[in-house]
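Comments concern the structure below.
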Amino acid sequence: MNGGPMPAGPFNQSGGEPGRITWKNVRLLRVIQVAYDFPVDRIDAPDWVGQQGYDITATMPMGTSVADFRLMLQELLKERFKLAAHKGTKQVSGYALEIAKGGPKIPMSKGAAASPIADDDRQKPSPRREAALQYMATRTEAFRAMVTIDENGFGAPKPGNPYYGNKAPFEVTIAVNGWFRSTKLNATMPEIATFLGGLAGGPAEDATGLAGKYDVHVEYVPRPSASGAVATTEPGPDILDAVQQQLGLKLTPKKVPVEALVIDHAERIPAGN
């Protein structure tokens, strides 16, 4: 998939041609995903929708926004594929975020970043912080303009950045010697549940009953890749154990309701140009 006002990534391999799309052998499911902004696992459609490929070439006004681009794709799907869809809910495997035995270990947010310090301040050396600084050195200039490393080696908003001021929500994950160090600041518990569920690989709903805003930092070893390898120099807890040990919370597996896109009708052979 190439072109259109979409960021470079899985839907736009080059990020070029902002006034044109040139999609070759693209699965209709992918087009629906882009048009309606739904994850694939939340789209209920006939099997062929994820198997049949199409070539799509189209133009659009220069400067078209992503939101308008999605609406244009929706109209294309309706006109050419007679697509009919509606939004509903479905039960999927996920988690409930609950309070663990012993109670929560997360501080209430004070509305400001936790004492970020300059990237070149080495007065408190530690292997983890040194590795975090090395990670930061590999990031883009834009990333380093917004994120720094705090005195404990976790990511934090960089002072003076234009996006993350006092009381602003902030989240980041950095890699340290094969470990992940994830931070979420100035967040409500439903927001923290969504964040931790994302780290664990599934949707999560808040069941803690805690009000207010909190700061969380969690350090864990990512789950094995498809090859079974974990690139870490030392063992450590997975995300589920880390949440319980370090945050005093727990992610309990359960079925949770999520918004879904249901495809009521689509035609394999699109209408002609």
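Listing for the model above:
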quantity	calculated
Gly197 being under 15 Å from the mean Cα position of the chain (by Cα) and within 30 Å of Gln91 (Cβ to Cβ)	yes
Residue in the range 32-46 that is at pLDDT 95 or above, buried (at least 18 other Cβ atoms within 10 Å of the Cβ) and of a type in the set (Val, Ile, Thr) present	yes
Single unsatisfied condition, Arg223 versus (1) under 23 Å from Leu29 (Cβ atoms); (2) at pLDDT below 95	(1)
Lys78 being free of Cβ contacts under 8 Å to residues at least 24 places away in the same chain and among the charged types (D, E, K, R)	yes
Residue check for Ala271: modelled with pLDDT under 95, touching a strand residue (DSSP E or B) at 6+ places or on another chain (Cβ under 6 Å), of a type in the set (Gly, Ala, Ser) and within 30 Å of Arg80 (Cα to Cα)	no
Meets criteria (open to solvent by 30 Å² or more (accessible area, probe 1.4 Å), among the hydrophobic types (A, V, I, L, M, F, W, C) and within 27 Å of Gly272 (Cβ to Cβ)) for Ala84	yes
Failed item in (1) in contact with a Leu (Cβ under 8 Å, 6 or more places away or on another chain); (2) of a type outside the set (Ser, Thr, Tyr); (3) assigned to a loop (DSSP other than H, G, I, E, B), with Leu196 passing the rest	(3)
From the options Ala156, Ala168, residue that is under 18 Å from Lys110 (Cα atoms), surrounded by 22 or more Cβ atoms within 10 Å (Cβ to Cβ) and either small (Gly, Ala, Ser) or touching a Cys at 6+ places or on another chain (Cβ under 9 Å) (or both)	Ala156
Number of the condition not met by Thr59 [criteria: (1) modelled with pLDDT under 95; (2) of a type in the set (Val, Ile, Thr); (3) within 23 Å of the chain's Cα centre (by Cα)]	(3)
Ile56 vs. criteria under 20 Å from Val256 (Cβ atoms) and surrounded by 14 or more Cβ atoms within 10 Å (Cβ to Cβ)	no
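The values are calculated or read from the model by the stated rules, or taken from the named source; none is laboratory data. Being a predicted model, the structure only gives us computed values, none of them experimental. Heads up, the Cβs are rebuilt from the backbone with ideal geometry, glycines too, and the neighbour counts pull from every protein chain shown. These accessible areas exclude ligands, DNA and RNA; they are computed on the full protein's heavy atoms, side chains included. Shrake-Rupley method; radii C 1.70, N 1.55, O 1.52, S 1.80 Å.
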